[in-house]
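Working notes, structure below.
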Amino acid sequence: MPGYLTRDRLAVLAGVAVPLALAAVLVPFRAAFPNTDAALAMLVVVVVAVAANGDRLAGALAAVSTAVWFDFFLTRPYERFTITRRTDIETTVLLLVIGVAVTEIAVWGRRHYAIASRRAGYLDGINNAARAVAAGGSAPALIDQVSSQLAQLLSLRSCIFQYGVAGLGRPARLHRDGSVTLGNRRWAADSEDLPADTDVELLVGGGGIFQGRFLMTPGPGARPALERRLLAVAFAGQVGAALASSHPVGQR
């Protein structure tokens, strides 16, 4: 399959083409059952399937295409974009409205499923780090693991750990409450991208002793939500605990 045919693009194509095909299949049987039955069959089979597997555009196109081809093939006068009976008009309008509503419900469900899956991944990462600390694993290995997780979590170009360093180079700072400051300025991290002209440091402490910092270079357009920033702080806390266990006074 060509790389440009993504799942959403395939869903868009299906949303446009499948209602036409299904309506054409139903043409020989249109005199044998009420139009409402045909409309509901098209809605359930096409719109719900497309909406569940595509994006909002795909679902909306499926709803519109379904209503259009229902009008053309399954309402009198046939093979014309004209509806003369009030019941057919009502069915067509309801078909369109319900199709759009089903699409919104499906999109909402997909979005919340994605959020739940992402949060589960975050928790797995924290649990893995905590298990590594409890098992007395290698602190450098944990630092490498957390550096990689921070890069993904905060959309960073790079992330390195520096022992015993804080404030060097006057970078912005990510605090324990998830806020970001640059000098005396509190960065509007929820509405602005992370500073593009400076690095951001995340200080690491463990056992009541300062250990070092993660020095992070934001990528273009990096604007991690508060939830992600707090998770970054939690990851740093696990590194601090590991360093406190292996090197209580830090190392360079």
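The values are calculated or read from the model by the stated rules, or taken from the named source; none is laboratory data. Owing to the predicted nature of the structure, the values given are computational and were not obtained by experimental measurement. So basically every Cβ, Gly included, is an ideal-geometry build from the backbone, and we count neighbours across all protein chains shown.
Figures for the structure shown
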{"read-out": "Tally, over segment 38-56, of residues that are surrounded by fewer than 23 Cβ atoms within 10 Å (Cβ to Cβ) and either at pLDDT 85 or above or not in a helix (DSSP H, G or I) (or both)", "value": "1"}
{"read-out": "Filtered residues of segment 210-219 (kept if more than 18 Å from residue 177 (Cα to Cα) and either outside any strand (DSSP E or B) or aromatic (Phe, Trp, Tyr) (or both))", "value": "219"}
{"read-out": "Selected residue [more than 25 Å from residue 6 (Cβ to Cβ) and surrounded by fewer than 20 Cβ atoms within 10 Å (Cβ to Cβ)] from 91, 75, 84", "value": "84"}
{"read-out": "Subset of segment 146-163 [under 21 Å from residue 244 (Cβ atoms) and in a loop (DSSP other than H, G, I, E, B)]", "value": "none"}
{"read-out": "Residue identified as within 28 Å of the chain's Cα centre (by Cα), hydrophobic (A, V, I, L, M, F, W, C), part of a loop (DSSP other than H, G, I, E, B) and at pLDDT 90 or above among 222, 189, 196, 166", "value": "222"}
{"read-out": "Restricting segment 211-229 to residues that are of a type outside the set (D, E, K, R) and in contact with a Gly (Cβ under 7 Å, 6 or more places away or on another chain), the residue that is nearest to residue 188 (Cα to Cα)", "value": "226"}
{"read-out": "Segment 165-190 - residue that is in contact (Cβ under 8 Å) with a residue 40 or more places away in the chain and of a type in the set (A, V, I, L, M, F, W, C) and, of those, nearest to residue 231 (Cα to Cα)", "value": "174"}
{"read-out": "Criterion (free of Cβ contacts under 8 Å to residues at least 24 places away in the same chain and within 15 Å of residue 155 (Cβ to Cβ)) met by exactly one of 224, 195", "value": "195"}
{"read-out": "Exclusive hit being assigned to a helix (DSSP H, G or I) and hydroxyl-bearing (Ser, Thr, Tyr), set 103, 82", "value": "103"}
{"read-out": "Checking residue 229 against (1) assigned to a helix (DSSP H, G or I); (2) at pLDDT 90 or above; (3) surrounded by fewer than 16 Cβ atoms within 10 Å (Cβ to Cβ), the condition it does not meet", "value": "(3)"}
{"read-out": "Filter result for residue 98 (more than 28 Å from residue 10 (Cβ to Cβ), aliphatic (A, V, I, L, M) and modelled with pLDDT of 75 or more)", "value": "no"}
{"read-out": "Pairs, first touching a residue at least 24 places away in the same chain (Cβ under 8 Å) and of a type outside the set (Val, Ile, Thr) in segment 69-97, second crowded, with 19+ Cβ neighbours inside 10 Å and not in a helix (DSSP H, G or I), C-beta under 6 Å, six or more apart", "value": "88/75"}
{"read-out": "Among (1) touching a Phe, Trp or Tyr at 6+ places or on another chain (Cβ under 7 Å); (2) loosely packed, with under 13 Cβ neighbours inside 10 Å; (3) among the hydrophobic types (A, V, I, L, M, F, W, C), the one test that residue 150 misses", "value": "(2)"}
{"read-out": "Yes/no for residue 235 being closer than 13 Å to residue 151 by Cα and assigned to a helix (DSSP H, G or I)", "value": "yes"}
{"read-out": "Matching residues in segment 199-209 - criterion: being crowded, with 17+ Cβ neighbours inside 10 Å and outside any loop (DSSP other than H, G, I, E, B)", "value": "200, 201, 202, 203, 204, 205, 206"}
{"read-out": "Residue list for segment 183-228, restricted to those being touching a Pro at 6+ places or on another chain (Cβ under 8 Å) and at positive phi", "value": "207"}
